[in-house]
1. So, residue 53, is that one touching a strand residue (DSSP E or B) at 6+ places or on another chain (Cβ under 9 Å) and modelled with pLDDT of 80 or more or not?
2. Out of all the residues in the range 115-129, is one or more among the β-branched types (Val, Ile, Thr), part of a loop (DSSP other than H, G, I, E, B) and surrounded by 13 or more Cβ atoms within 10 Å (Cβ to Cβ)?
3. Would you please name the residue that is nearest to residue 55 (Cα to Cα), looking only at residues in the range 89-102 that are of a type outside the set (D, E, K, R) and exposed (fewer than 13 other Cβ atoms within 10 Å of the Cβ)?
4. Residue pairs, Cβ under 6 Å, 6 or more apart or interchain, first in the range 94-122 and free of Cβ contacts under 8 Å to residues at least 60 places away in the same chain, second surrounded by fewer than 17 Cβ atoms within 10 Å (Cβ to Cβ) and aliphatic (A, V, I, L, M). List them.
5. Among the residues of the range 76-88, are any in contact with a Ser or Thr (Cβ under 6 Å, 6 or more places away or on another chain), part of a helix (DSSP H, G or I) and in contact (Cβ under 8 Å) with a residue 12 or more places away in the chain?
Amino acid sequence: MGHVVTLTLHLGVNDFPYSGPENTPRRIGTRQRKGGQPEAFSAPASGAITTHDVASILEAKYHLMEVYYEDTKAELAADLESGLANVLEARMNGAPASLDPFGKAIQKAEAKFKEYLSLQKFDTMGIPGVPTMASIKGINHRLKHPYSKKNPSRPSFIDTGTYQSSTHFWLDE
């Protein structure tokens, strides 16, 4: 009787703070409204939100990784199968056992997800709320004036680029 191996594909992100140290205390400041008394205010510290938090919010609202998987699962399966066949053939020809049969397929899938973001493929897939209003308005926190009306529109889900760059896919047995 043969041995059955089940693999689980994980689509996720490397988890780290968006900016600054993770446990920075809240910022405290004062402001004075026209003709009023000075008042104190506090705001969340920079770095209070992580890439995992953002990915969870985006997945709950837009199902980006789910939509991506459904759109590419046949190609991904073919790439995984091809990788396994190539490693088996290499092993029969004397290659070391340390070869990763699925590494190239996973790297390709991850790169393709990032490409979907960059090339605005999600904008044309019928996902409600996509393209996002922030992308249409050109809100871009990489610019000196992120909310300027002069900013050109940008791809949805790529404001700072942190979500895209933190994307990580992997397999588990």
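The values are calculated or read from the model by the stated rules, or taken from the named source; none is laboratory data. Fair warning: this is a prediction, and the values are worked out from it, not measured in the lab. Cβ placement follows ideal geometry from the backbone for every residue including glycine, while neighbour counts extend to all protein chains displayed.
1. It is false that residue 53 is touching a strand residue (DSSP E or B) at 6+ places or on another chain (Cβ under 9 Å) and modelled with pLDDT of 80 or more.
2. yes
3. Among those that are of a type outside the set (D, E, K, R) and exposed (fewer than 13 other Cβ atoms within 10 Å of the Cβ), it is 98.
4. Within 6 Å, the pairs are 101/84.
5. Looking for residues that are in contact with a Ser or Thr (Cβ under 6 Å, 6 or more places away or on another chain), part of a helix (DSSP H, G or I) and in contact (Cβ under 8 Å) with a residue 12 or more places away in the chain, one finds none in the range 76-88, hence no.
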